[in-house]
Amino acid sequence: MAEKGSIYEALKRKGVSRREFLQFCSLMAATLALPAGFGPKIAEALEKAQRPSLVWLEFQDCCGNTESFLRADRPTVVDIVLDLLSVDYHETIMAPAGKQAEKSLDDVVKNQKGKYLCVVEGAIPLKDDGVYCCVGGKSARDIAKEVCGNALATIAVGACAWDGGIPGANPNPTGAVGVKDAVKGITLINLPGCPMNVVNLTGTVVHYLTFGSLPLTDSMGRPLFAYRDRIHDFCERRAHYDAGRYVREWGDEGHQKGWCLYHMGCKGPETYKNCPAQRWNDRTSWPVRAGHNCIGCAAPRFWDTMTPFYRTLEAVPGFGVETTADKIGAGVLIATGAGIAIHSVARAGVKKYRKEHHIPEIETKEKEE
Amino acid sequence: MRAVENALGITIPDNARLVRNLISGIQYVQDHTIHFYHLHGLDWVDITGALKADPAKTSQLAQSISDWHNSSTVYFKGVQDKLKSFVQSGQLGLFANGYWGHPAYKLPPEADLMAVAHYLEALDWQREVIRIHAILGSKNPHAQTYLVGGMALAINPNEESTFNVDGLASLIKYADIAKEFVEKVYVPDLLAIASFYKEWTELGAGVGNYLSYGEFPNDSVSNTENLFLPRGIIFNKDLTKVYPVDPSKITEYVTHSWYEYKEGNNAAKHPWEGITNYKYTGPKPPYQFLDTNQKYSWVKSPRYEDRVMEVGPLARMLVAYAKGHPQVKAAVDGALKKLGVGPEALFSTLGRTAARGIEALVVVQMLPVWIGQLAANIKKGDYRVFDGAKWDPSSWPKEAKGFGLFEAPRGALGHWVRIKGGAIENYQCVVPSTWNASPRDAKGQRGPYEQALLGTPVAEPDKPLEILRTVHSFDPCLACAVHVTDLTTNKSIKVKAV
């Protein structure tokens with residue numbers, strides 16, 4: 001039975017029927033790649049859970065992840081998502097401004113210490129005492145330290161909050177980094193992408209509410225349910241790749257027949273994300289479906305490692321397309337001399353990183369490859 | 001795209017023009033609607049007022065202004081009950097610490113309830129109609145099918161995996177959904193709410209110079225005389241004359257911005273020669289105030305012929321109105337007549353907000369036209385959507401320069417590019433909020449936000465709702481707060497954006 005003040009109670013008040021609620025739980029189970037039958041368990045947990053507070057911080061960002069958040073498509077209406085989470089601070093969509101807005105944030109940090117969720121959108125510039133991004137006279141770094149530091153968990157949404165994204169791209173004039181490098185010692189989940197797909201944010205939150213833990217993550221703090229699989233392996237055009245049917249020029253016969261975009265520079269073979277399965281905008285489409293190559297926006301430091309977007313991966317010396325993403329990532333870095341050995345650093349520092357970030361140790365397939 | 005295509009002399013195929021018009025068009029409609037309900041609406045609508053409303057009277061009000069289907073007493077009672085339970089839960093989320101009960105709120109409770117209901121409906125609606133971006137642009141946000149030379153969208157009615165008849169049918173469906181909501185909900189709500197705030201037709205005008213690059217090419221993008229929304233300039237609120245736009249007259253100052261020019265602090269540079277060398281000279285965080293006599297903004301100060309210009313939907317609608325654009329003229333005159341005010345009312349905070357709704361109406365009615373043209377091209381067997389003559393950089397000249405002018409939903413957007421040896425040598429963007437949020441220039445001229453705020457009456461200095469109304473009416477692209485820093489005499493207020 002639903003407990004008073006629970007999420008299910010809240011959804012009922014919003015006019016959601018029991019049937020719609022259970023349907024939502026089943027969809028969530030599917031998004032999270034849970035076995036059939038987990039829907040009822042999610043439903044049971046949500047009937048008991050209180051709506052947790054969520055604060056949303058924006059730093060060096062374009063608001064793209066906020067826009068993505070507003071497109072949340074299942075549950076079917078955005079206000080369900082707003083009600084599932086009590087969104088107490090979000091500069092773009094909250095009613096108050098100025099001092100009153102700051103009060104909303106202070107109230108959560110002080111009164112709900114260790115109990116609220118924090119979402120971070122945008123990069124955090126560390127250079128020159130953080131002067132390159134200030135909100136209300138405070139630096140992004142100081143705000144993040146305080147707000148993420150007192151949160152139950154932080155979810156970094158989008159490429160910028162993960163590893164600096166475009167503000168952090170070479171030559172990185174403001175010293176922009178992601179949350180993982182700006183605030184140490186916090187519980188952190190990363191949802192990279194440009195922007196993140198909101199399905200993966202709602203999935204992460206429901207996982208937490210349902211199981212009382214964060215979803216299992218890979219060596220870079222990304223949930224396995226969304227980032228385990230390689231785009232190339234689940235691509236709807238994979239059969240064309242295997243058969244050697246390629247687009248060679250935009251608008252050619254292959255393009256007009258929906259063939260493989262590998263030679264147009266597709267980064268699907270290097271990128272791990274659930275785009276082919278979840279697509280975008282209520283499963284309407286995704287770049288490859290629409291005829292454009294994947295640009296690897298969920299890959300580490302993609303502005304430096306995945307550009308030029310239209311260069312065929314073959315140009316990477318020494319590695320075939322079936323080489324693992326970790327190795328190719330290293331290859332790109334060697335080839336371009338871009339500077340930072342992302343994968344190897346991540347790999348070597350996995351244990352330390354997990355310990356520092358309280359991320360539970362888990363086994364993954366690709367870790368052992 | 002337009003800047004590089006201009007530099008390389010590329011003309012995109014007609015289908016690419018139509019696909020881009022459709023992507024931009026639905027972006028206008030969706031952005032404007034979200035702005036009205038979710039980013040600006042609560043400056044005018046008191047949510048707590050909705051709790052006191054009579055649902056039967058709300059139903060009468062709704063049915064008197066529109067035949068939108070969600071208008072029964074039962075419907076509004078349901079919305080009110082949900083709102084009551086939400087408030088009783090004690091978790092007010094986004095609505096906590098709002099300026100509820102502020103004396104500047106003037107709507108009757110029934111109008112508040114109607115607006116709250118549509119706030120919620122619009123949240124669902126916007127997610128639905130933006131699927132046009134997914135169909136044509138692969139995803140939203142951040143569409144990913146734009147190419148220099150056209151679009152990566154493959155058109156072929158005889159394949160499953162390309163843009164085919166199912167794609168066309170989907171476009172028609174979502175364009176219809178978009179059109180119905182704008183016609184039956186957004187515009188009627190806008191006019192109903194505006195009728196209670198007519199004093200805001202006399203506040204917040206500001207600079208009175210308006211710049212529009214024009215948008216939605218009817219044929220080639222280079223034919224700047226044949227844009228659906230025309231290009232032009234209005235000076236000093238004079239609607240009797242529209243001046244042509246000469247892009248060579250655009251310059252940017254950094255006098256009060258945290259950048260430096262080697263020519264000095266009072267120099268102005270054209271974007272082709274523009275540089276963005278940052279040099280922060282403000283206080284170290286944390287700080288309370290910025291010294292506005294020094295540099296105080298990350299925004300440069302773009303000027304046209306050294307004049308301050310406002311950009312955005314109001315600028316576009318004024319230029320079109322002054323040029324006698326039939327659809328815009330009909331929509332503007334209709335709105336003015338309903339409110340019982342003259343064209344001078346447009347130069348105001350409310351005028352800015354109304355222009356956005358009028359533009360959404362005019363543009364949403366063009367979506368079926370562009371879809372029809374696309375279908376007609378496909379019927380003729382024309383599937384071309386990309387011109388690859390200049391795709392390979394080896395086909396480029398050693399040096400090239402170009403510019404692209406575009407009207408984003410928020411206003412005039414210009415990109416200037418210089419290409420050398422197959423790579424970008426310099427790239428400068430002058431974006432809408434740079435025009436509107438610009439700090440003072442070398443002559444001490446204030447930017448549009450600053451001018452619009454001068455003389456704004458503020459009933460409760462601790463709760464500057466009136467300031468928000470005017471700043472939000474520009475639809476700022478800065479997620480940052482605007483801080484009230486100084487109260488001077490006669491209730492005039494100095495603000496600065498940080």
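Scanning the range A:134-152 for residues that are open to solvent by less than 10 Å² (accessible area, probe 1.4 Å) and at pLDDT 95 or above returns A:SER139, A:ALA140, A:ALA144, A:VAL147, A:CYS148. Of the residues in the range B:396-403, not one is in contact with a Pro (Cβ under 8 Å, 6 or more places away or on another chain), over 16 Å from B:GLY149 (Cα atoms) and not charged (D, E, K, R). If you go through the range B:120-134 one residue at a time, how many are touching a residue at least 12 places away in the same chain (Cβ under 8 Å) and either basic (Lys, Arg) or more than 18 Å from A:CYS194 (Cα to Cα) (or both)? Residues that pass the stated criteria total 10. The set of residues from the range B:86-116 being outside any loop (DSSP other than H, G, I, E, B), under 30 Å from B:LYS198 (Cβ atoms) and of a type in the set (A, V, I, L, M) comprises B:LEU94, B:ALA111, B:LEU113, B:MET114, B:ALA115, B:VAL116.
Could you tell me whether the range B:68-85 includes any residue that is buried (at least 20 other Cβ atoms within 10 Å of the Cβ), of a type outside the set (A, V, I, L, M), part of a loop (DSSP other than H, G, I, E, B) and over 24 Å from the mean Cα position of the chain (by Cα)? Scanning the range B:68-85, I find at least one residue that is buried (at least 20 other Cβ atoms within 10 Å of the Cβ), of a type outside the set (A, V, I, L, M), part of a loop (DSSP other than H, G, I, E, B) and over 24 Å from the mean Cα position of the chain (by Cα), so the answer is yes. If I filter the range B:334-356 for residues that are in contact with a helix residue (DSSP H, G or I) (Cβ under 6 Å, 6 or more places away or on another chain) and part of a loop (DSSP other than H, G, I, E, B), do I get at least one hit? Yes; the residues of the range B:334-356 include at least one that is in contact with a helix residue (DSSP H, G or I) (Cβ under 6 Å, 6 or more places away or on another chain) and part of a loop (DSSP other than H, G, I, E, B). Going through (1) in contact (Cβ under 8 Å) with a residue 12 or more places away in the chain; (2) over 29 Å from A:THR92 (Cα atoms); (3) in the same structural domain as B:ALA117 (by TED's automatic domain parsing) one by one, B:GLN63 falls short only on (1). Of everything in the range B:54-67 that is in a loop (DSSP other than H, G, I, E, B) and within 29 Å of B:ASP176 (Cβ to Cβ), the residue that is farthest from the other protein chains (Cβ to nearest Cβ) is B:ASP67. Working only within the range B:268-288, note down all residues that are of a type in the set (Val, Ile, Thr) and within 11 Å of another protein chain (Cβ to nearest Cβ). Answer for the range B:268-288, where residues must be of a type in the set (Val, Ile, Thr) and within 11 Å of another protein chain (Cβ to nearest Cβ): B:THR276, B:THR281.
Selection of the range B:86-96 for residues being within 27 Å of the chain's Cα centre (by Cα) and on the phi > 0 side of the Ramachandran plot yields only B:GLY93.
Taking the criterion of being at positive phi and more than 7 Å from chain A (Cβ to nearest Cβ), the residues of the range B:140-153 that qualify are B:GLY149, B:GLY150. Scan the range B:117-139 and tell me whether some residue there is closer than 19 Å to A:GLN256 by Cβ, at the interface with another protein chain (Cβ under 10 Å from one of its Cβ atoms) and part of a loop (DSSP other than H, G, I, E, B). Yes; the residues of the range B:117-139 include at least one that is closer than 19 Å to A:GLN256 by Cβ, at the interface with another protein chain (Cβ under 10 Å from one of its Cβ atoms) and part of a loop (DSSP other than H, G, I, E, B). Hey, among B:LEU42, B:LEU22, B:LEU51, which residue is crowded, with 19+ Cβ neighbours inside 10 Å, more than 12 Å from chain A (Cβ to nearest Cβ) and of a type in the set (A, V, I, L, M)? Of B:LEU42, B:LEU22, B:LEU51, the one residue that is crowded, with 19+ Cβ neighbours inside 10 Å, more than 12 Å from chain A (Cβ to nearest Cβ) and of a type in the set (A, V, I, L, M) is B:LEU22.
Each row is one residue, and each column tells you yes or no for (1) under 24 Å from B:LEU339 (Cβ atoms); (2) open to solvent by less than 40 Å² (accessible area, probe 1.4 Å); (3) in contact with a helix residue (DSSP H, G or I) (Cβ under 9 Å, 6 or more places away or on another chain).
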| residue | (1), (2), (3) |
| --- | --- |
| B:LEU171 | no, yes, yes |
| B:ALA194 | yes, yes, yes |
| B:GLY206 | yes, yes, yes |
| B:PRO217 | no, yes, yes |
| B:ASP246 | no, no, no |
| B:TYR259 | no, yes, no |
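Number of residues in the range A:110-133 that are in a helix (DSSP H, G or I) and either among the charged types (D, E, K, R) or buried (at least 22 other Cβ atoms within 10 Å of the Cβ) (or both) equals 5.
The rows are residues; the columns are (1) within 13 Å of another protein chain (Cβ to nearest Cβ); (2) buried (at least 20 other Cβ atoms within 10 Å of the Cβ).
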{"position": "A:ARG238", "(1), (2)": "yes, no"}
{"position": "A:ARG248", "(1), (2)": "yes, no"}
{"position": "A:HIS255", "(1), (2)": "yes, yes"}
{"position": "A:GLY258", "(1), (2)": "yes, yes"}
{"position": "A:PRO269", "(1), (2)": "no, yes"}
{"position": "A:ARG279", "(1), (2)": "yes, yes"}
{"position": "A:SER285", "(1), (2)": "yes, yes"}
{"position": "A:VAL288", "(1), (2)": "yes, yes"}
{"position": "A:GLY291", "(1), (2)": "yes, yes"}
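The values are calculated or read from the model by the stated rules, or taken from the named source; none is laboratory data. Computed from a prediction, not measured in an experiment: that's the story for all the values here. Cβ atoms come from the backbone with ideal geometry, glycine included; neighbour counts cover every protein chain shown. Keep in mind that these areas ignore ligands, DNA and RNA; they rest on the heavy atoms of the full protein, side chains included. Shrake-Rupley method; radii C 1.70, N 1.55, O 1.52, S 1.80 Å.
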